[in-house]
Amino acid sequence: MNSSLCVLTGATGGIGKAIAHALYTQGWKLLLVGRNTQALEELSTACPDSEIFTGDLTDDATRINLAIKAKQLGGVKLLINNAGVNTMQSLERTSSEEIDCMLNTNLSVPIKLCQLFLGQLQFTKGTIVNIGSSFGSIGYPFQTLYCASKFGLRGFTEALSRELNGSGVKVAYLAPRATDTAINNDKTRAMNKELGNKMDSPELVAKELLILINSNQTRRFIGFPEKLFARINGVFPNIVDNAIAKQLPKIKRFLN
Ligand SMILES: NC(=O)c1ccc[n+]([C@@H]2O[C@H](COP(=O)([O-])OP(=O)(O)OC[C@H]3O[C@@H](n4cnc5c(N)ncnc54)[C@H](OP(=O)(O)O)[C@@H]3O)[C@@H](O)[C@H]2O)c1
């Protein structure tokens, strides 16, 4: 089927906006999804002919209505699960509601959207891109839930990709490192600066996404040395344990 519809969640966020502009330039028809109608309308004006959909994706009915709207527009060809949340804090100070919110938004919602859109994607021979993180491969202190959600998302993406092998549906994972968006508050930014962690522009992440969707790749990790650490952590986690242990006193200085 000849659809060029991209459903982009988290479209109004820093990375989402950059992805929207990059895909628009490549000729994709966009269905921009977020919680803020005004921000969506502004983005849609900058990407003419795109459609908007407002709603909280943790709500079951919202996701179903989104799938209905995409079907009415011809069916999704590219689903980008980009919406996400993060807060740097100790597990000890995290409430039960915050645990549910992080795991729900970052893990359950993308899983449920993949499931919901599977029929349309099989019909269009489409692509799913799940936006992960370096913290989907490296456990980091005071990022316990974010790491749990992104490790989970990486595992889910890999398993689904293998499950759908030969079906015509491509399932891919893109892992940015720290990126200059509102998800990082002043303390996180100050900590990254102190630790010498580089921060990419959202436009660079969008460029990497274009490379991923226009290739046969199913996973892409952004930034050196983060992608090297991710590999080392998989094989020799003790090396990364020791490196992060040395950073811990500095990291703790930036907590509330
Ligand atoms: N920036 C980084 O350092 C970084 C690094 C690695 C990975 N990532 C990942 O990149 C993705 C985009 O993050 P970002 O940096 O662009 O963050 P951002 O600027 O804070 O944008 C987050 C987006 O997610 C949407 N969102 C959050 N909860 C939602 C919900 N319940 N329902 C619907 N939409 C919801 C927000 O919508 P509203 O604005 O309407 O609330 C917003 O559009 C996330 O998955 C994040 O984990 C970011």
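Key figures for this structure:
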read-out	value
Subset tally (residues that are among the hydrophobic types (A, V, I, L, M, F, W, C) and within 13 Å of the chain's Cα centre (by Cα)) for region 115-155	7
Near pairs, Cβ below 7 angstrom, 6+ apart or cross-chain, from region 1-18 (under 15 Å from Asn86 (Cβ atoms)) to any residue that is modelled with pLDDT of 95 or more and part of a helix (DSSP H, G or I)	Gly10/Gly16; Gly14/Pro202; Ile15/Pro202; Ile15/Val205
Region 32-41, residues that are among the aliphatic types (A, V, I, L, M) and surrounded by 23 or more Cβ atoms within 10 Å (Cβ to Cβ)	Leu32, Val33
Tabulated pairs, region 130-141, first away from the ligand (no atom under 12 Å from the Cβ), second modelled with pLDDT of 95 or more, C-beta under 8 angstrom, 6+ apart or interchain	Gly139/Cys147; Gly139/Phe151; Gly139/Asn233; Pro141/Ile244; Pro141/Leu248; Pro141/Ile251
Residues (exposed (fewer than 11 other Cβ atoms within 10 Å of the Cβ) and either of a type outside the set (A, V, I, L, M) or closer than 20 Å to Leu153 by Cβ (or both)) located in region 216-235	Asn216, Phe224
Subset tally (residues that are more than 13 Å from Leu8 (Cβ to Cβ), more than 10 Å from the ligand (Cβ to nearest atom) and assigned to a loop (DSSP other than H, G, I, E, B)) for region 32-70	2
Residue ID - surrounded by the most Cβ atoms within 10 Å (Cβ to Cβ), chosen from residues in region 165-213 that are within 14 Å of the ligand (Cβ to nearest atom), among the charged types (D, E, K, R) and closer than 20 Å to Leu153 by Cα	Arg177
Selection status of Leu91, surrounded by fewer than 17 Cβ atoms within 10 Å (Cβ to Cβ) and either closer than 30 Å to Gln143 by Cβ or in contact (Cβ under 8 Å) with a residue 40 or more places away in the chain (or both)	yes
Leu79 vs. criteria away from the ligand (no atom under 11 Å from the Cβ), buried (at least 19 other Cβ atoms within 10 Å of the Cβ) and not in a helix (DSSP H, G or I)	yes
Filtered residue count, region 88-100, keeping only those that are within 15 Å of the ligand (Cβ to nearest atom) and more than 13 Å from Ala148 (Cβ to Cβ)	2
Some residue of region 5-21 being buried (at least 20 other Cβ atoms within 10 Å of the Cβ), of a type in the set (Ser, Thr, Tyr) and out of contact with any Gly (no Cβ under 7 Å at 6 or more places or on another chain)	yes
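For (1) in contact (Cβ under 8 Å) with a residue 24 or more places away in the chain; (2) over 15 Å from Phe117 (Cα atoms); (3) out of contact with any Cys (no Cβ under 8 Å at 6 or more places or on another chain), each residue gets a yes or a no:
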site	(1), (2), (3)
Ala20	yes, yes, no
Ala46	yes, yes, yes
Ala61	no, no, yes
Leu78	yes, no, no
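The values are calculated or read from the model by the stated rules, or taken from the named source; none is laboratory data. Here the structure is a predicted model, which is why all the values come from computation and not from measurement. No Cβ is skipped: glycine too gets one built from the backbone with ideal geometry, and neighbour counts run over all protein chains shown.
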